[in-house]
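Heads up, the thing below is written out as structure tokens.
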DNA sequence: CCAGAATGGATAGTCACAGTATCCATTATG
DNA sequence: CATAATGGATACTGTGACTATCCATTCTGG
């Protein structure tokens, strides 16, 4: 397959494919001469994955590059997931010393109650701390008071997540499956949550919330 | 409070505050003369909310403007949530007629099984359809095979969500609480899910996955 | 009361990001 | 072998989110 066919097959402009090649998101094709290359199905597949992470996952091109590089490098699954999770969760922002301590304490307790092995080094930690502190600063304690319930359900969903991963047949794509499961899994569940909220709201307030 | 104090209080540059005023995210202050104004605590509060939706929620300035306008206009709660959800979930992308039909059928079945009242007009629908089709196109059926489990857990979490909302004391801020609960609630749960996944993974594979 | 700082409002400039477009010296192909 | 396509480099565009500059008032401390 040559560039024009790859473009047709994937439905994206040649210029864009070249851009992804430059950025290292897409492997260079197999050289057939000093300045010609041939591409295969794996390139089409890769382009699909790139678009999914960009469009549905909302990651930046640079982040996608990092995630794909980790996959390609054959990093241990945990490391790839770490990269992915750091990307998804957004860095820490200044929340003040007192607020940070409060959030850490809260997470500490949650961890103990759920048999998690939480460490402040966990990739999700900075984002969680920021989110918790933001909710508190906005004055919405009700959300935080129910964090126990949310954590319990997070446990349940993590079981399903791991079942999903374990069910995956091919071992060489399990890391990709983990990334897709993490990035698109969040979107999927968020959507289902919306639907379920609407249903529950209709159940509780048949005349509308007003 | 005047501009310089509002800036100091909120920790953001004067130029940025002026920008939000221009974009209509922040109400103009109370005029004290044709070209002077005074600001209050509600402006500080509003700036916090804006930053939360921008930074933690990842919304665009234009989207935040739309959400806040809906809140200010005293739109019915469902409408405000609709605006918020459309913003969060991202529009539909071209997925092809066959794939769309498949996704709609899947959602139809899910809806029936869970007593939801799904309609393709639901704000979350386009995003869900896109996500489902993307997962399928990437060749990860395992994720979709477990959608029943995810939907069941979405039901459980929606109950907690509605409890959270119902617990809110002040009626005039309940719409804001709904927005915060939706936008930050997703982030919060995603973070907890990461923690729970790590714990479950450690439980199942004590020697690491990788 | 008045000099100097601050304000509201308008306009223009900057920076990063995600592409697009153009060139061009080779290759491929009918 | 004439025409089209390719890889690679470089330059350009458009959007989003600020950031900076001006300026005609307005405030404020001495």
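Coordinate-derived values only; no laboratory data. All figures in this text were calculated on a predicted structure; none of them were measured in a lab. Every residue, glycine among them, receives a Cβ derived from its backbone with ideal geometry; neighbour counts consider all protein chains shown.
Is one or more of the residues making up region A:42-57 within 12 Å of DNA strand C (Cβ to nearest atom) and closer than 30 Å to residue A:137 by Cβ?
Checked region A:42-57: at least one residue is within 12 Å of DNA strand C (Cβ to nearest atom) and closer than 30 Å to residue A:137 by Cβ.
Could you list all residues from region B:23-49 that are more than 14 Å from chain A (Cβ to nearest Cβ), within 23 Å of the chain's Cα centre (by Cα) and either away from DNA strand D (no atom under 14 Å from the Cβ) or without any contact (Cβ under 8 Å) to a residue 40 or more places away in the chain (or both)?
Of the residues in region B:23-49, the ones more than 14 Å from chain A (Cβ to nearest Cβ) are B:23-40, B:43.
Those left that are additionally within 23 Å of the chain's Cα centre (by Cα): B:23-27, B:43.
Answer for region B:23-49, where residues must be more than 14 Å from chain A (Cβ to nearest Cβ), within 23 Å of the chain's Cα centre (by Cα) and either away from DNA strand D (no atom under 14 Å from the Cβ) or without any contact (Cβ under 8 Å) to a residue 40 or more places away in the chain (or both): B:26, B:27, B:43.
For region B:1-37, enumerate the residues that are more than 7 Å from DNA strand C (Cβ to nearest atom) and either touching a strand residue (DSSP E or B) at 6+ places or on another chain (Cβ under 9 Å) or under 17 Å from residue B:72 (Cα atoms) (or both).
The initial filter retains those residues of region B:1-37 that are more than 7 Å from DNA strand C (Cβ to nearest atom), namely B:1, B:6-13, B:15-17, B:19-20, B:23-27, B:30-34.
Hits for region B:1-37 are B:1, B:20, B:23, B:24, B:25, B:26, B:27, B:30, B:31, B:32.
Does any residue of region B:61-70 turn out to be within 11 Å of DNA strand D (Cβ to nearest atom) and within 21 Å of residue A:94 (Cβ to Cβ)?
Looking only at region B:61-70, we keep the residues that are within 11 Å of DNA strand D (Cβ to nearest atom), and these are B:61-65.
Now drop any that are not within 21 Å of residue A:94 (Cβ to Cβ), which leaves B:61, B:64.
There is at least one residue in region B:61-70 that is within 11 Å of DNA strand D (Cβ to nearest atom) and within 21 Å of residue A:94 (Cβ to Cβ).
So residue A:98 clears everything in (1) within 16 Å of DNA strand D (Cβ to nearest atom); (2) more than 14 Å from chain B (Cβ to nearest Cβ) except one condition, right? Which one?
The number of the failed condition is (1).
Could you say which residue among A:89, A:56, A:80 is within 21 Å of residue B:204 (Cα to Cα) and either facing another protein chain (nearest Cβ under 7 Å) or in contact (Cβ under 8 Å) with a residue 60 or more places away in the chain (or both)?
Values: A:89 fails: within 21 Å of residue B:204 (Cα to Cα); A:56 fails: within 21 Å of residue B:204 (Cα to Cα).
After applying the criteria, what remains is A:80.
In this structure, does residue A:157 turn out to be buried (at least 20 other Cβ atoms within 10 Å of the Cβ), at the interface with chain B (Cβ under 7 Å from one of its Cβ atoms) and without any contact (Cβ under 8 Å) to a residue 60 or more places away in the chain?
Numbers: buried (at least 20 other Cβ atoms within 10 Å of the Cβ): yes; at the interface with chain B (Cβ under 7 Å from one of its Cβ atoms): yes; without any contact (Cβ under 8 Å) to a residue 60 or more places away in the chain: yes.
Taking the combined requirement at face value, the residue satisfies it.
Identify, from the list A:97, A:108, A:79, A:30, the residue that is surrounded by fewer than 19 Cβ atoms within 10 Å (Cβ to Cβ) and within 23 Å of residue A:151 (Cβ to Cβ).
Checking each option against the conditions leaves just A:108.
Out of the residues in region B:7-22 that are surrounded by 14 or more Cβ atoms within 10 Å (Cβ to Cβ), near DNA strand D (Cβ under 8 Å from one of its atoms) and away from chain A (no Cβ under 14 Å), state the one that is farthest from residue B:66 (Cα to Cα). I'd like the intermediate steps shown before the answer.
Step one: list which residues in region B:7-22 are surrounded by 14 or more Cβ atoms within 10 Å (Cβ to Cβ), which gives B:7, B:9-10, B:12, B:16-17, B:19-21.
With near DNA strand D (Cβ under 8 Å from one of its atoms) added as a condition, the list becomes B:12, B:16, B:19-20.
Next cut, away from chain A (no Cβ under 14 Å) only: B:16, B:19-20.
Numbers: B:16: 18, B:19: 16, B:20: 13 Å.
Checked region B:7-22; the qualifying residue farthest from residue B:66 (Cα to Cα) is B:16.
Can you tell me how many residues within region A:68-77 are assigned to a helix (DSSP H, G or I) and at the interface with chain B (Cβ under 9 Å from one of its Cβ atoms)? Walk me through it before giving the result.
Of all residues in region A:68-77, those assigned to a helix (DSSP H, G or I) come to A:68-72, A:77.
Next cut, at the interface with chain B (Cβ under 9 Å from one of its Cβ atoms) only: A:77.
Qualifying residue count for the region: 1.
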